[in-house]
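Below is one structure, written out as structure tokens, with a few remarks after it.
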Amino acid sequence: MRRIDKTKLLIFILMRLSIIIAGLIAIFEKNWTALGMSILILIAMLIPSIMEKRFNLDIPSEFEIILIFFIYASLFLGEMHQFYDKFWWWDKMLHSLSGLILGNIGFLIVSYLNNCSKMNIRLSPIYVAIFSFCFAVAMGAIWEIYEYSMDKCFGFFMQRGSLDDTMTDLILDTMGALVFAVLGYFHQKGRINIISKYLVRFDLD
């Protein structure tokens, strides 16, 4: 087993153990909302592995660690343990990270289209980068619409009642997406290899 795989296994065990402990505490305290959240988070953390098997994806261990950390940090630490309120920068960090993650997914989509024999499409590196960027920014905007809808329809406080919060989130999403798009472009041109071990690939065989 590679060192990174051992690291991934250790991180996953520690994260899931902390969630299970939180669930047991919730049962003891009869906090069914917290228990339900714990169960949902455990299920959400399985999504990358399920997607990898279901769609024949090759998700590098380095990127899978980032994905699981994002889920853990946003749902378990952010929502359940109020890190969004305790640390002003928590939400900003995750939005920046989401731009990078979504940019990677954008590259995956174009990679599939470029290599699928059924599709008569072959985008150049610059258009792949543009699509990746636009996809990530669009997903960030859709998320902000979701937050706005939850606030208006159900009285949540996801947008912190501020236009500044929404715009800051969108700017950070855009910056993360731009960074990944630029790195991805130069990766395709063979000039840099920084993101190679993080790129999700589609197994067409």
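The values are calculated or read from the model by the stated rules, or taken from the named source; none is laboratory data. Not measured: the values here are computed from a predicted model. Every residue, glycine as well, gets a Cβ built from its backbone with ideal geometry; the counts of neighbours run over all protein chains shown.
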Cβ pairs under 7 Å, 6+ apart, first in segment 76-97 and under 19 Å from SER38 (Cα atoms) and surrounded by 12 or more Cβ atoms within 10 Å (Cβ to Cβ), second β-branched (Val, Ile, Thr) and modelled with pLDDT of 90 or more: PHE76/ILE19; PHE76/ILE41
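Any idea which of LEU35, LEU24, LEU67 is assigned to a helix (DSSP H, G or I), at pLDDT 90 or above and surrounded by fewer than 13 Cβ atoms within 10 Å (Cβ to Cβ)?
Values: LEU35 fails: surrounded by fewer than 13 Cβ atoms within 10 Å (Cβ to Cβ); LEU67 fails: surrounded by fewer than 13 Cβ atoms within 10 Å (Cβ to Cβ).
The unique qualifying residue is LEU24.
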Inter-residue pairs, beta-carbon under 9 Å, first in a loop (DSSP other than H, G, I, E, B) and in segment 100-129, second of a type outside the set (A, V, I, L, M) and at pLDDT below 90, 6+ apart: CYS116/PHE202; MET119/TYR112; ILE121/ASN114; ARG122/ASN114; LEU123/ASN114; SER124/GLN188
Pairs where the first residue, in segment 27-44, is closer than 25 Å to ILE68 by Cα and the second is assigned to a helix (DSSP H, G or I) and among the aromatic types (Phe, Trp, Tyr), C-beta under 7 Å, 6+ apart: ILE41/PHE76
Count - residues of segment 47-65 that are over 13 Å from LEU199 (Cβ atoms) and charged (D, E, K, R): 3
Lone qualifier among ILE11, ILE20 - being farther than 21 Å from ILE59 by Cα and among the β-branched types (Val, Ile, Thr): ILE20
Yes/no for LYS30 being of a type in the set (D, E, K, R) and assigned to a helix (DSSP H, G or I): no
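Condition first: part of a helix (DSSP H, G or I) and at pLDDT below 95. Now tell me which residues in segment 42-52 satisfy that.
Within segment 42-52, ALA44, ILE47, PRO48, SER49, ILE50, MET51, GLU52 qualify.
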Scan of segment 83-99 for residues that are assigned to a loop (DSSP other than H, G, I, E, B) and at pLDDT below 90, ordered by number: TRP88
